[in-house]
Structure formats: structure tokens, C-alpha cells
Amino acid sequence: MLEDSGALLSDLFAQPFTVALLGAVLAHDFETHRHLLNVGMLSAYAGATAGLEHPRVVMLGQAGLFHDVGKLHVSRMLLNARHELDASEWFSLRAHAVRGEQMLHARGAPTVAAIVRSHHERLDGSGYPDGLRGLAIPWEARLLAVVDAYDCMRAGRPYAAPIAYDEAIARLEAARTLYDSEAVEVLVATLGADRTAKGGQATFLK
Ligand SMILES: [Fe+2]
């Protein structure tokens, strides 16, 4: 639960490099910047819903804000490609997880860097860069993976139309071999699945 949303916002953006990095992302690719802001806020809300202490909520939110910052090193053309990627294009795209980790390490944020590295790991070991399985994937990275996938589905991609809330949640719940079902539950609780009953207010604000 968010007891002091002003502190959350200022702490999320407290690192001296935040605005410069996000500004560089905005200049590089509009959609990536939108995605980072949305995933950053939603990750922090989800952390609050899960009952994390404030410093962990902030860390999770910062990991969300920066999870794709390594895409600064991926060409805009590749980021917006509508064709099926070939092997070398996949290699370049996938490198963003490690590049992002390196960028955050270099800026003195090793804990956030570690979460960023693992945001494309999947429970069955099919993810990257390390092919981690199950609980070997840090909890924060498992939650971030769910929030990331949710935002991508809701917003749509160059190759996929946006989908509605119910369908996005159904797809996450069905993909149990990939996504942590407890993390999906945290997301649903955060967004207020029983929105009608609660008058449309998200649960993290209660
Ligand atoms: Fe990513």
C-alpha cells in the first residue's frame, strides 16, 4: 500500500542519471520511453501491493524504469521491425538485457542492474541471458517479467495489436511455464480485478 506517493515518485527518480538516461531513450525511441515509464510505475505499484518495504518498492520501480535501457544500443529500425527477425537480429536485440545491466553497474546501481539483467528469464529456462529456471530467477525479475509482458500486450507491438485487460491477464495466467503465477496474482491485485465492486480504484491506493 502506498502511504506516501510523493516520496515514492521522488525516490523513483532520485538517481542523478535518471532523467538523462530516460531522455536519451525518448530521443532514441518514443515507444520504449513510454514502456519504461509505464512499467516503472506499475512495478512500484505492484511492489506496494505485495507489501514490500519502501526501499524495495523503489528498487523494483527503478528496475522497471530502466529494464530496457540497453535498447539505446539497438537500432530504432530493429526495435520497430515488423518482419520476423533473423538470428543476428535476435542476437542484437537480446543483448539489451546485459547492456542495460552494464549501464546501471557503471552508474553505481548494482542491485537494480541485477534485476534488469534477468527480466527476460522464464520459469522453464527458455529465457535469456542465463537460462535461469524457477526460483533461481530473482523474485523482482519474475514480477518485472509479468509487468513487462502485460504492458506489451496492452499497448501492442509493431507486429501485434493491443489487447484488452481480461485477455492479457488470461494469457499470462495460461503461460504458467513462463510466468510466475504468484506474480500474476500480484499484478491482478494491483490493477484491482474487482474494479466494479471497488468503484474503479486500484488496490495499491487503498
Ligand atoms: Fe526487455
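Once region 96-133 is narrowed to residues that are under 15 Å from the mean Cα position of the chain (by Cα) and among the basic types (Lys, Arg), the residue that is surrounded by the most Cβ atoms within 10 Å (Cβ to Cβ) is 117. Just one of the listed residues (7, 114) is away from the ligand (no atom under 13 Å from the Cβ), within 23 Å of residue 150 (Cα to Cα), touching a residue at least 24 places away in the same chain (Cβ under 8 Å) and out of contact with any His (no Cβ under 6 Å at 6 or more places or on another chain), and it is 114.
Considering (1) surrounded by 14 or more Cβ atoms within 10 Å (Cβ to Cβ); (2) out of contact with any Phe, Trp or Tyr (no Cβ under 9 Å at 6 or more places or on another chain); (3) over 17 Å from residue 140 (Cβ atoms), the lone condition that residue 21 does not fulfil carries the number (2).
The condition of being out of contact with any Gly (no Cβ under 6 Å at 6 or more places or on another chain) and under 21 Å from residue 93 (Cβ atoms) holds for only one of 27, 46, 20, 14, that being 27. One residue stands out in region 55-80 among those that are surrounded by fewer than 16 Cβ atoms within 10 Å (Cβ to Cβ) and among the hydrophobic types (A, V, I, L, M, F, W, C): the one that is nearest to the ligand (Cβ to nearest atom), namely 78.
Can you tell me which residues in region 154-178 are closer than 18 Å to residue 38 by Cβ and not in a helix (DSSP H, G or I)? Within region 154-178, 156, 157, 158, 160, 161, 162, 163, 164 qualify. Within the span defined as region 140-153, every residue fails to be modelled with pLDDT of 95 or more, within 18 Å of residue 44 (Cβ to Cβ) and part of a loop (DSSP other than H, G, I, E, B). Looking across region 82-97 at every residue that is within 11 Å of the ligand (Cβ to nearest atom) and of a type in the set (A, V, I, L, M, F, W, C), the one that is farthest from residue 32 (Cα to Cα) is identified as 95.
The values are calculated or read from the model by the stated rules, or taken from the named source; none is laboratory data. Keep in mind it's a predicted model, so treat the numbers as computed, not measured. With ideal geometry, Cβ positions are generated from the backbone for all residues, glycine too; neighbour counts draw on all protein chains shown.
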